[in-house]
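The values are calculated or read from the model by the stated rules, or taken from the named source; none is laboratory data. All figures in this text were calculated on a predicted structure; none of them were measured in a lab. Every residue, glycine as well, gets a Cβ built from its backbone with ideal geometry; the counts of neighbours run over all protein chains shown. Accessible surface areas use protein heavy atoms only, side chains included; no ligands, DNA or RNA. Shrake-Rupley method; radii C 1.70, N 1.55, O 1.52, S 1.80 Å.
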Amino acid sequence: MSSGVALRLRTLQRHLGSPEGRGMEAGSSPLTTHVLDTASGLPAQGLCLRLSRLEDHGQQWTELRKSYTDPDGRCPGLLLPGQMKVGTYKLSFDTEGYWQKRGQESFYPYVEVVFTVTNETHKFHVPLLLSPWSYTTYRGS
């Protein structure tokens, strides 16, 4: 196995499986995300994302935060402790901008992950595995 392939494999294994890669330490944000570029096997650094909450009885999205993933592909402080409310939230990822910066054509211009919070005391982790032609997300821990 080439050293580049081995490095990408170790990076993905570390990010997907390690407790320290989860970013859910006590006192941290109640909502985190982590984006991995599965085409390169590396964290998706510099990806723009927006967090919104559905307001006005389900009629209007209110943007709460705009941010960028860090060198580790994480955006840990989306909400401050105590800022989470019961409701419907949306994470919008600017995948087109991310791939364009890398000179890569892509199929999805953006990815929107909409999820419901029924208990504001819980912590939520929303990982995104991303390639130019596909994506996968799930509720992490």
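In this structure, Thr121 and Glu96 have a Cβ-Cβ separation that, at R0 = 25 Å, corresponds to a calculated FRET efficiency of about 0.10.
Centroid-to-centroid, using Cα positions, region 121-141 and region 35-90 are 11 Å apart. Taking label positions 7 Å along the Cα-Cβ direction at both Gln83 and Arg139, the computed distance is 2.2 nm, reported to one decimal. Ordering 104-112, 87-95, 48-56 by mean Cβ neighbour count within 10 Å, with the highest value first, yields 87-95, 48-56, 104-112. Put a dot 7 Å past the Cα of Gln104, heading toward its Cβ, do the same for Ser40, and the two dots end up 0.7 nm apart. Accessible area per residue for region 48-113 is 58 Å², calculated with a 1.4 Å probe on protein heavy atoms, without ligands, DNA or RNA. Bridgeable lysines around Lys123 (alpha carbons under 18 Å apart, same-chain partners fewer than 8 residues away excluded): Lys85, Lys90. If the chain linking Val114 and Asp56 were pulled fully straight, counting 0.36 nm for each residue of separation and taking away their Cα-Cα distance, it would gain 19.2 nm.
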